[in-house]
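Enquirer: Below is one structure. I have some questions about it.
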Amino acid sequence: MDEKYFPEKIEQKWQARWVETGAFEVERDDARQPFYCLEMLPYPSGFLHMGHVRNYSIGDALAWHKRLQGFNVLHPIGWDSFGQPAEQAAIKRGVNPREWTEENIAHMRGQLKRIGVSYDWRREIAAHRPDYYKWDQWFFLKMYERGLTYKRKSAVNWCPQEQTVLSNEQSSGGVCWRCGAAVVKREIEQWFVRITAYAEELLDGMKELEAGWPERVLTMQRNWINRSEGAFVDFAVKDTDETVRIFTTRIDTIYGATAIVVATEHPLVEKAVLKDDVAQFVERVRAARQSRPPVPGEDEEKEGINTGLLAVNPFNGEQIPIWVANYVLMEYGTGAVMSVPAHDERDFEFAQKYSLPVRRVIERISHEQERIDHDREAGLDQSVAMPHAFTDYGILVNSGEWGGKLSAEAIALMAAHAQANNFGEAAVTYRLRDWGISRQRFWGAPIPMIYCEGCGIVPVPETDLPVVLPEDVKLTGTGESPLAGVAEFVNTTCPKCQGAARRETDTMDTFVDSSWYFFRYCDPQNEAAPFDTEKIKYWTPVNQYIGGIDHAVMHLLYTRFWTKMMRDIGLVSFNEPVERLMTQGMVTNQVEGTTEWKRMSKSLGNGVDPDDMIEAYGADAVRLFILFAAPPENELRWQETGIEGAVRFLRRVWGMVWRWSERLSGAAEGQSAAQPESAMGALEFSDAARALRRKTHQTIARITDDFAELHFNTSVAALMELSNAFADFGAQPATASGADVFVVREALEALVIMLAPFAPHVAEEMWENLGHAEGLLNQAARWPEANAELARREELEIPVQVNGKLRSRIRATPDTPEEELRAAALADEKVRGMTEGRHIVKVIVVPQRLVNVVVK
RNA sequence: GCCGGAGUGGCGAAAUCGGUAUACGCACCAGACUCAAAAUCUGGCGAGGUCACACUCAUGUCGGUUCGAGUCCGACCUCCGGCACCA
């Protein structure tokens, strides 16, 4: 050990030592309790950014802590290595996407190793390697067998920038999740995964997650699935055999329906012989959608046209016109709605524009409010500029036999009535759509399907997997599937009839790869199955998952679905893949010349290269700062003075260990902090020594608790407090008594072991220099245990309040009886000054905490 | 519009169950060491007030509950995030 702290030297030393000793390599061991600590796997863009460093620092701290507590900790890493950037690099610069990806992985692996994250590197996986994506294809076939994948032509989200299809989740808000380009609609044939079959369960399963997942993630998923209870009602189309099925959550308002409005893509519009003006309208709306995607937060001006068709309301036989309009969505419900202008804002707006009748069928229950409501609608209420629909529940009027019933009751009864008479039923709809996974890209897992003229769609037999991506494909970025131009790939024989056939040329969405990757870590070399179910049983579900909030809906919804699907094909026995989820905050930096803090990025010029920081301050200091500067879920503002503070702290602790190293190494024989009190003989502890022991044990208790909640920032603060207390303890190595040495060892060992999750390299070095040359901290050390007796304070300062305001303090011990505290407080000079001549109403004594004297 | 989260020093933030508000760090100020600077060490650091105490006021705002409220309840303001013509 040098007198001075040289991060680079010791970081290299310990990184090498960890590799030599296989320190972080783990195997299933039924005698030990497992802990699965997982961080979201990175896309190999080529460079690690600070967000990654934060992610892995959080995960590594927990992995170290659990390991020191004796758990068998699985802590793996891999690469989400299929996807757009590799393909873009290929298109723009003509590089080979596989080589480009492999080079990036090699570079980033080096960076991760320099940070010193404690991964079991033997378990590394990469999505682009055939031994991995073979199992993507295998899962696809399993789902196909069970009807969970299917092909269909439909309007899909198309990113014009990337020239590919996106799933609904990936085009949330009308923009591409990756490049931010406005998404347009396109009619395309593609493969879907039937995630909607699990909609109810995905919603329901969140009950299981409430304890371990952040509220906001659950909320986002709930919003996304958006369950809606209502009813289907069939309206006959007059003079035809057709019916129009509508979905409504307000069947109680059906007597107020004055039109049926359908989407421009509705089958009725496709089938009917339309008048010229109607056909033109439909054409115009569709063309507009192609060129001008919807702007989030802004509704398009409602437009529609009467088709001339009439629908018959099955409840009252009334004939109402069928309109086509731009505000009805084909993707939700049935693509057709009943228009009830009196009780729906959108219908009201539409009716105003086209002078459709407004018929009130719900009245407010309270008369007082009804008057106000009438005023509004009549335009008499001056504070309301525009009349409104009345959208609340109430009491039914003008509704035939249902009149007088309350909305809630009517909704149930009317749906039952519809069902009994065969023109509808109660129904639940979701906003969640099936997951479109076809991508018109090269750099992804080929969809293992074959098209035969005679046999139709034929799955690739399991034994023929993987369907391997060809090398040397010219990529042009024209929006055609690149594989379609590779004759050797496309042309094949039909597995059924052996005749000439063609392969599917689309590849899978990369979110398929990441839906199950953490199961593969448990058994990464398995050639016979995606994984061994016994190994899975030992390691999974994941105990703690850490990653960015940006995947709250996409990845985290898909992987929940995937787990349920795997359960149903008998691979796992649980419902949810992740017990606890932590969503880390962004790492931001000030944008030069402004006061704004924004996510680090190249384009803003506010990026910070982790390699530069490690070179300047060492990996330990960078990690320590990241975990100390803010709670993990908060935004982290990058401040170089903050890292300097972290280095200062590490240097101070280093100095303490260095000064005591010789004395403690000598005394190491037969003297360990872990030894029971009885082995210490008749050591006499000074007041100062007892105070340091107290602080040591208080700190152990506090940090152990903090780890359970991942409160790393307060853990680091507690370590700093302990080191401050150590500095205040005046003992000198040359003159210290046996008792002092014992207390010093106890404090320094606790400090060093508990520092290891945050700054592992320097912790290992200091551990060695505390006289533990025989074993590595990560293997030989155990997380210290707090002794409550030693942590107990001997002397207390009890605040004394008069009428709730702090006026004085009295000295006491933890077991001073209440009566005595009361007496001491009342006898206190200050208190007497304030109570003299006044009536003491009562005295509240909270043992060990405070005394409050209430006077009048 | 609907849903969720958050407002505490100059800054990042602490405060476990309703019980000493501002731990820990950054920045800043003063002192020591130095020819000097850096580094390091020591001390100070919510606002008002005072020579110094005392005292008064402070956890977004206004109320409430309580002996006692950053914490619980009600109303509001602001900011951040998600969804958005979802019938």
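Enquirer: Among DSSP beta bridges whose residues both lie in the stretch A:514-646, state the antiparallel percentage, nearest 5.
Expert: On the way: 3 of 11 bridges.
Here the share of antiparallel DSSP bridges comes out near 25 percent.
Enquirer: Round to the nearest 10 and give me the degree value, 0 to 90, for the angle of helix A:130-145's Cα axis relative to the longest principal axis of chain A.
Expert: 40 degrees
Enquirer: Sketch the reach of a paramagnetic label on A:Arg245 as a point 7 Å from Cα along Cα-to-Cβ, and name the residues of the stretch A:308-335 whose backbone nitrogen lies under 12 Å away.
Expert: The answer is A:333-335, whose backbone nitrogens lie closer than 12 Å to the label point.
Enquirer: Can you work out ³J(HN,Hα) from phi for every residue in the stretch A:730-737, in order, using Karplus 6.51 cos²θ - 1.76 cosθ + 1.60 and θ = phi - 60°, giving whole Hz and x for Gly and Pro?
Expert: Rounded to whole hertz, the list is x, 4, 10, x, 5, 10, 4, 6.
Enquirer: Hey, could you get me the Stokes-Einstein D for chain A, Kirkwood radius over alpha-carbon pairs, 37 °C and 0.692 mPa s, rounded to whole µm² s⁻¹? Kindly include the intermediate steps, with their values, before the conclusion.
Expert: Working: Rh = 32.4 Å.
After rounding, the answer is 101 µm²/s.
Enquirer: Amide H to amide H, which residues 5 or more places from A:Thr307 or on other chains are under 5 Å from it, using H placed in the peptide plane?
Expert: So A:Thr307 has HN proximity to A:Ile322, A:Trp323, A:Val324.
Enquirer: Hey, another quick one. At A:Ala181 and A:Val855, where each label point lies 7 Å from the Cα along Cα→Cβ, what is the point-to-point distance in nanometres?
Expert: Result: 7.8 nm between the two label points.
Enquirer: Rounded to the nearest percent, how much of the accessible area of chain A (1.4 Å probe, protein heavy atoms only) is carbon and sulfur?
Expert: Details: 18600 of 38270 Å².
For chain A, the apolar C and S fraction of the accessible surface comes to 49 percent.
Enquirer: Can you work out the Karplus-derived ³J(HN,Hα) for every residue in the stretch A:314-327? Use 6.51 cos²θ - 1.76 cosθ + 1.60 with θ = phi - 60°, whole Hz, and x for glycine or proline.
Expert: x, 7, 10, x, 5, 9, 10, x, 9, 10, 10, 8, 7, 8
Enquirer: Which whole-Hz couplings ³J(HN,Hα) result when phi for each residue of the stretch A:227-236 is put into the Karplus expression 6.51 cos²θ - 1.76 cosθ + 1.60, θ = phi - 60°, listed in order with x for Gly and Pro?
Expert: Residue by residue, the stretch A:227-236 yields 6, 9, 8, x, 8, 8, 9, 9, 9, 6 Hz.
Enquirer: For the stretch A:772-806, list residues with backbone N below 18 Å from a point placed 7 Å from the Cα of A:Phe685 toward its Cβ?
Expert: Zone members listed by number: A:784-796.
Enquirer: Kindly rank A:103-116, A:478-491 from highest to lowest mean number of other beta carbons found within 10 Å of each residue. Walk me through the numbers on the way to the answer.
Expert: Working: A:103-116: 17.1, A:478-491: 15.5.
Ranking, from highest mean packing down: A:103-116, A:478-491.
Enquirer: In 5 Å bins starting at zero, report the fraction of Cα pairs in the stretch A:475-577 per bin as a rounded %.
Expert: 2, 10, 15, 16, 12, 12, 14, 10, 6, 1, 0
Enquirer: What angle, in degrees between 0 and 90 and rounded to the nearest 10, separates the Cα long axis of helix A:345-354 from the longest principal axis of the Cα atoms of chain A?
Expert: For helix A:345-354, the angle is close to 30 degrees.
Enquirer: Rank A:Tyr198, A:Ile322, A:Val285 by how far each Cα sits towards the positive end of the charge dipole of the stretch A:193-334 (+1 on Lys, Arg Cβ; -1 on Asp, Glu Cβ) and give me just the farthest.
Expert: Most positive-ward Cα: A:Val285.
Enquirer: Quick check on chain A: of the DSSP beta bridges with both residues there, what percent are antiparallel, nearest 5%?
Expert: Given both bridge residues lie in chain A, the antiparallel proportion sits at roughly 75 percent.
Enquirer: Over the alpha-carbon set of the stretch A:266-344, work out the extent along each principal axis and list the three values in angstrom, largest first.
Expert: Dimensions of the stretch A:266-344 along the principal axes of its Cα atoms: 41, 31, 19 Å.
Enquirer: Still on this structure, please answer the following. Mind ordering A:452-462, A:551-561, A:503-513 by average Cβ neighbours within 10 Å, highest first?
Expert: Details: A:452-462: 14.4, A:551-561: 22.0, A:503-513: 24.4.
Descending mean neighbour count gives A:503-513, A:551-561, A:452-462.
Enquirer: Counting just the Cα atoms, what span does the stretch A:201-288 cover along each of its three principal axes? Round to the nearest Å and put the largest first.
Expert: Cα spread of the stretch A:201-288 along its principal axes, largest to smallest: 58, 34, 22 Å.
Enquirer: Next question, about the same structure. Looking only at the stretch A:825-856, which residues have a backbone nitrogen under 16 Å from a spot 7 Å from the Cα of A:Asn803 in the C-beta direction?
Expert: A:831-844, A:852-856
Enquirer: Taking the radius of gyration and the Kirkwood hydrodynamic radius from Cα positions alone, what is the Rg/Rh ratio for the stretch A:544-658, to two decimal places? Kindly include the intermediate steps, with their values, before the conclusion.
Expert: Numbers: Rg = 19.4 Å, Rh = 17.1 Å.
The Rg/Rh ratio comes out at 1.14.
Enquirer: Students often check this: by mean Cβ neighbours within 10 Å, which of A:166-178, A:758-770 ranks highest, and how do the rest follow? It would help to have the intermediate numbers written out before the result.
Expert: Working: A:166-178: 19.4, A:758-770: 25.7.
Per-residue Cβ counts within 10 Å, averaged per peptide and sorted highest first, yield A:758-770, A:166-178.
Enquirer: Relative to the longest principal axis of the C-alpha atoms of chain A, give the angle of the C-alpha long axis of helix A:760-769, reported between 0 and 90° and rounded to the nearest 10°.
Expert: Tilt of helix A:760-769: around 20 degrees.
Enquirer: I'm checking a number: the convex hull volume of the Cα atoms of the stretch A:93-230, normalised per residue, in Å³. What is it? Before the final figure, lay out the partial values.
Expert: Numbers: hull volume 29.7 nm³, N = 138.
In the stretch A:93-230, the Cα convex hull volume per residue is 215 Å³.
Enquirer: Is there a quick way to get the dipole size of the stretch A:231-308? I mean about its Cα centre, with the Cβ of Lys and Arg at +1 and of Asp and Glu at -1; what is the value in debye to the nearest 20?
Expert: On the way: 10 positive and 15 negative charges, 16 e Å.
Using only the charged Cβ atoms, the result is roughly 80 debye.
Enquirer: Ok, one more. For chain A, what is the charge dipole size about the Cα centre, in debye to the nearest 20, if Lys and Arg each add +1 at the Cβ and Asp and Glu each add -1 at the Cβ? Write out the running numbers ahead of the final one.
Expert: Numbers: 95 positive and 124 negative charges, 158 e Å.
Dipole of chain A, to the nearest 20 debye: 760 debye.
Enquirer: Taking Cα pairs under 8 Å and at least six residues apart, what relative contact order does the stretch A:709-804 come out at, in percent?
Expert: Details: 41 pairs, mean separation 19.0, N = 96.
The value is 20 percent.
Enquirer: By how many nm would the segment from A:Gln639 to A:Glu3 lengthen if fully extended, with 0.36 nm per residue of separation less the alpha-carbon distance? Kindly include the intermediate steps, with their values, before the conclusion.
Expert: Details: separation 636, 0.36 × 636 = 228.96 nm, distance 2.79 nm.
Taking A:Gln639 through A:Glu3 to full extension adds about 226.2 nm, to one decimal.
Enquirer: Something else now. Go from 0 up to the bin containing the longest alpha carbon distance in the stretch A:562-604, width 10 Å each, and give me the % of pairs per bin.
Expert: Here the calculated profile for the stretch A:562-604 is 24, 22, 14, 18, 17, 5.
The values are calculated or read from the model by the stated rules, or taken from the named source; none is laboratory data. These numbers were taken from a predicted model, which means no experiment stands behind them. FYI the Cβ positions are ideal-geometry reconstructions off the backbone, even for glycines, and counts take in every protein chain you see. Quick note on the areas: whole protein, heavy atoms, side chains included, nothing else; ligands and nucleic acids left out. Shrake-Rupley method; radii C 1.70, N 1.55, O 1.52, S 1.80 Å.
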